[in-house]
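Undergrad: I have a structure here, written as structure tokens, and I will follow up with some questions on it.
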Amino acid sequence: FVDSGMTDMLCIDADVSWQPGAVERILSHPVDLVFGAYPLKADGAGYAVRGFDYQTDKVICVDPLTGKETVGGLVEVQGGPAGFLRITKRCAEKLIKEYDHQWYVDESTPLGKAWDLFEFKIHDHKRRGEDIEFCSKWQAVGEKVWLDPWLMFEHHGKKSYRGCIGNNWGDIQRRAEAEVAFDRRSSAA
């Protein structure tokens with residue numbers, strides 16, 4: 001990816017599908033790492049997002065450039081799945097520079113080597129997935145991990161599990177809309 005001339009990379013799992021416009025939306029965000037959360041493949045299992053409890057915590061959706069709460073914004077989190085994950089070239093280059101010691105020979109790449117940025121790790125005797133580890137590495141270099149909670153996904157297995165993590169936050173969305181309307185009225189006065 002880094003040597004390709006491309007500006008963004010979108011990781012997609014083969015068992016995930018999404019609604020029209022999701023790819024364009026995830027590519028439009030002015031951040032270096034953003035993902036969409038799809039439901040886990042079990043009834044009532046929820047979503048694999050680290051950094052908050054999507055059912056009980058107060059979640060604030062913000063504009064990542066201003067930090068202001070906004071309708072349809074992003075949520076800063078610790079990590080999440082890589083099945084619908086977008087990273088920029090800047091993200092990849094910064095991680096390669098920081099983790100340059102983690103390269104291995106790979107003759108199939110233009111550079112003849114690759115970096116183990118998506119690796120499984122053991123933390124407190126628990127195996128941590130490669131996607132969470134990637135997000136942790138990004139945070140370790142002082143950067144933010146963003147979730148776009150407004151994307152609808154289906155996660156396919158023995159059956160399909162459909163969901164949009166942001167649907168659980170209808171009251172948050174309504175509050176943000178009310179604040180935007182209040183700001184507009186205040187600035188017009």
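We did not get these values from a lab; they are worked out from the coordinates using the rules stated. Only a predicted model underlies this, so the values are computations on that prediction, with no experimental measurement involved. So basically every Cβ, Gly included, is an ideal-geometry build from the backbone, and we count neighbours across all protein chains shown.
Undergrad: Compute the FRET efficiency between residue 68 and residue 48 as 1/(1 + (r/R0)^6), taking r as their Cβ-Cβ distance and R0 = 30 Å, and round to the nearest 0.05.
TA: On the way: r = 28 Å, r/R0 = 0.93.
For residue 68 and residue 48, the calculated efficiency is 0.60.
Undergrad: Projecting each Cα onto the charge dipole of the range 84-157 (Lys/Arg +1, Asp/Glu -1 at the beta carbon, about the Cα centre), which of 155, 115, 95 comes out farthest on the positive side?
TA: Toward the positive end, the furthest listed residue is 95.
Undergrad: Only Lys, Arg, Asp and Glu count, each charged at its Cβ (+1, +1, -1, -1), so figure out the dipole size of the range 1-87 about its Cα centre, rounded to 20 debye. List each step's numbers first, then the result.
TA: Numbers: 6 positive and 12 negative charges, 24 e Å.
Result for the range 1-87 is approximately 120 debye, rounded to the nearest 20.
Undergrad: Leaving out same-chain residues fewer than 8 places away, which lysines sit with a Cα under 26 Å from that of residue 144?
TA: Once the sequence-local lysines are set aside, what remains near residue 144 is 58, 68, 89, 94, 97, 121, 126.
Undergrad: Now, a different point. Label residue 103 and residue 144 with points 7 Å out from Cα along Cα→Cβ: what is the distance between them in nm?
TA: So the two model labels end up 3.2 nm from each other.
Undergrad: Looking at the range 2-85, I'd like the Rg to Rh ratio, where Rg is from alpha-carbon atoms and Rh is Kirkwood's inverse mean 1/r.
TA: Rg divided by Rh gives 0.97.
Undergrad: How would you rank 101-111, 144-154, highest first, on the average number of other Cβ atoms within 10 Å across their residues? Walk me through the numbers before you get to the answer.
TA: Numbers: 101-111: 9.8, 144-154: 21.6.
Descending packing order for the listed peptides: 144-154, 101-111.
Undergrad: For the residue pair residue 15 and residue 96, what label-to-label distance in nm results when each label sits 7 Å from Cα along the Cα-to-beta-carbon direction?
TA: It is 3.1 nm.
Undergrad: Taking 0.36 nm per residue of sequence separation and subtracting the Cα-Cα distance, how much length would be gained by fully extending the chain between residue 40 and residue 122, in nm to one decimal? Could you put the intermediate results ahead of the total?
TA: On the way: separation 82, 0.36 × 82 = 29.52 nm, distance 2.15 nm.
Length difference between fully extended and current span is 27.4 nm.
Undergrad: What are the ³J(HN,Hα) couplings of the range 84-98, residue after residue, when phi is run through the Karplus curve with 6.51, -1.76, 1.60 and θ = phi - 60°? Round to Hz, x for glycine and proline.
TA: Coupling constants for the range 84-98: 8, 10, 10, 10, 8, 4, 4, 4, 4, 5, 5, 5, 4, 5, 5 Hz.
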